[in-house]
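One structure is given here, and the rest of the page talks about it.
Rule-based calculations on the coordinates, nothing more; no lab input. Since the model is a prediction, treat every value here as computed from it, not as a measurement. Here the Cβ positions follow ideal geometry from the backbone for every residue, glycine too, while neighbour counts run over all protein chains shown.
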Amino acid sequence: MVIWITGLPSSGKTTLAQQLVILFEKNRIPCEHIDSDQIRKVFSNTGYSKSARNEHTKMVGYWASRLEHFGVVPIVSLISPYEESRNYARRACSDFFEIHLTTALTVCESRDPKGLYKKARNGEIREFTGISAPYEAPTNAELELDTGTLSICDSTRLIVNHLNTRSGKYLWNSCLK
């Protein structure tokens, strides 16, 4: 399975993915966190135009499909703003579980640890998703979560409940504090 977490910047993608990784590892389920910020540090020539973002998302989708093929659960935290490239990733993977963080823009801006929204609003950053670049909300996400109203623990619990229902198996029933 591939768990793909998408949403606006500062919606909680990375934080939620990190909690899932800890939970998976605690339950001895092989997984790997693929985070856009980390990937962009390694592949720093990746741009922010629509075509560059689509290629970036497709590349991550391909990597996720390879990990899935070898029995590792990739937990992807990636803005992935365009439906086209998310659908490519979905098609590349055998079992794709998309989680859309529907957190309001105002909440994301209030959380912004890097001050990027402020810079985007001041025109210092061009092509910033949610401000000067679009975010196409998923039309077929398996789960939608508003991390502006749900805690990380509650969000994690909802994901686990969906995974248990989806698989028809009892995987685990614990939440991190």
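Between Arg126 and Gln18, the FRET efficiency from the beta-carbon distance, with R0 = 30 Å, is close to 0.55. Bridging of Lys50 to aspartates and glutamates at a Cα separation below 20 Å is possible for Asp35, Asp37, Glu83, Glu84, Glu124, Glu127, Glu136, once same-chain residues fewer than 8 apart are set aside. Relative to the current alpha-carbon distance between Lys118 and Leu158, full extension at 0.36 nm per residue lengthens the span by 11.2 nm. Coupling constants for region 70-87 follow from the phi torsions by the Karplus curve (6.51 cos²θ - 1.76 cosθ + 1.60, θ = phi - 60°), and in residue order they are 9, x, 9, 8, x, 10, 9, 10, 8, 3, 6, x, 10, 4, 3, 6, 5, 5 Hz; glycine and proline get x. Rounded if a/c is under 1.5, else prolate if a/b is larger than b/c, else oblate: which is region 37-93, with a ≥ b ≥ c the root eigenvalues of its Cα gyration tensor? Since a/c reaches 1.5 but b/c is at least a/b, the shape of region 37-93 is classed as oblate.
Under 5 Å from the amide H of Leu145 lie the amide H atoms of His100, Leu101, Thr102, each residue being 5 or more positions distant or on a separate chain, with H modelled from the backbone and absent for Pro and chain starts. Each of Phe43, Phe97 has some number of other Cβ atoms within 10 Å of its Cβ, and from fewest to most they run Phe43, Phe97. Shown for the chain is the translational diffusion coefficient from the Stokes-Einstein equation, using the Kirkwood radius over Cα pairs, a temperature of 37 °C and a viscosity of 0.692 mPa s: 199 µm²/s. Mind giving me the FRET efficiency for Thr139 and Lys26? R0 is 41 Å, r the Cβ-Cβ distance, nearest 0.05 is fine. FRET efficiency, Thr139 to Lys26: 0.80.
As a rough footprinting exposure proxy, the listed residues Trp63, Trp4 were ranked by other beta carbons within 10 Å of their own, and the order from fewest upward is Trp63, Trp4.
Taking amide H as placed 1.01 Å from N in the peptide plane, the amide H of Val76 sits under 5 Å from that of Ile3, Trp4, Ile5, Ile34, each at least 5 places away or on another chain.
The residues Leu16, Leu23, when put in order of fewest to most other Cβ atoms within 10 Å, stand as Leu23, Leu16. Each Lys or Arg adds one and each Asp or Glu takes one away; over the other residues whose Cβ falls under 9 Å from the Cβ of Thr14, this sums to -1. The residues packed around Asp35, meaning those with a beta-carbon under 12 Å from its beta-carbon, carry a net charge of +1 if Lys and Arg are +1 and Asp and Glu are -1.
For region 129-141, 3J(HN,Hα) computed residue by residue from phi via the Karplus equation (6.51, -1.76, 1.60; θ = phi - 60°) reads 4, x, 10, 10, 9, x, 10, 8, 4, x, 9, 9, 5 Hz, glycine and proline entered as x.
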